[in-house]
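The values are calculated or read from the model by the stated rules, or taken from the named source; none is laboratory data. No experiment lies behind these values; they were computed from the predicted model shown. Neighbour counts run over all protein chains shown; Cβ positions are idealised from the backbone, glycine included. Surface accessibility is based on the protein's heavy atoms, side chains included, excluding ligands, DNA and RNA. Shrake-Rupley method; radii C 1.70, N 1.55, O 1.52, S 1.80 Å.
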Amino acid sequence: MATPGLIDWAYPLAESLLAKPLPRRWKHSLGVAERARKIASILGADAELLEAAAVLHDVGYAPDLAKTGFHPLDGARYLRDLASADERVVRLVAHHSCAWMEAEARGLREELEDEFPREAPELADALCFCDMNTTPDGIPTNPVDRVDEIAGRYGPDSLIGMFIRRAEPEILLCCARVHERLAAVKRQPM
């Protein structure tokens, strides 16, 4: 179960790291957290945990935290080492949105996986869903358009462009699994 007050702790921390230096990234993070609130019905006791991870998922982009240039690892290390974050939040941040594939391309997969065990697949899917259904400006989108946007922003031949295209099938599967869970909740009798 999530630590009481986890959301009250997560939002100001994310804001302090992202709002001024990276306002667009902050808007994105707020949008991802909003998506997390909208899927709370499938998360049960982990709804608060996912929302906290959602608002914090991109803190590794903060200029003061960027050490390796791989934001999931930089963010997770900060949250673990300096922010004393809930370990489940840290693991979700470390592995969000198929991060292992980008880590592999950067030669950091072993480091990522040795330091941070993966969180429950249902939560990983949910965070990927929230991230990949949110534009850089925090507006709802769909995962196909989001992947296209990322590839276009970074360029198809860039490390990120190649990673996101490689990850696209898994991203779409994550999103489909979340849609299936949402549909199952709607079908349940009252």
Fill in the blank from the handout: Output for region 24-101: trypsin sites (Lys or Arg not before Pro) sitting in coil per DSSP, at most 16 other Cβ within 10 Å, listed by number, reads 67
Practice task
Tally up the carbon and sulfur contribution to the accessible surface of region 105-186 as a whole percent, 1.4 Å probe, everything protein left in place.
Solution key: 58 percent
Exercise for the section: Before anything else, pin down the relative contact order of region 72-113: Cα pairs under 8 Å, at least 6 apart, normalised by residue count, whole percent. Expected result: 36 percent
Handout entry: Residues whose placed amide H lies under 5 Å from that of residue 134, excluding near-sequence neighbours
Key = 141
Handout entry: Accessible area per residue in Å² at 1.4 Å probe, computed on region 40-101
Key = 32 Å²
Practice task
Kindly point out, ordered by number, any Cys in the chain whose beta-carbon has no other cysteine beta-carbon under 4.7 Å away.
Solution key: 98, 130, 175
Completion exercise
In the chain, taking the dipole from +1 charges on Lys and Arg beta carbons and -1 charges on Asp and Glu beta carbons about the Cα centre, the listed residue (28, 183, 17) farthest towards the positive end is 183
Handout entry: HN-Hα J in Hz across region 164-176 - Karplus 6.51, -1.76, 1.60, θ = phi - 60°, x for Gly and Pro
Key = 5, 5, 5, 7, 3, x, 5, 4, 5, 5, 4, 5, 5
Exercise for the section: Would you mind giving the three semi-axes, in whole Å and largest first, of the ellipsoid equivalent to region 59-108 according to its Cα gyration tensor? Expected result: 17, 13, 7
Problem - 26, 9, 100, ranked by accessible area, largest first (probe 1.4 Å) - result: 9, 100, 26
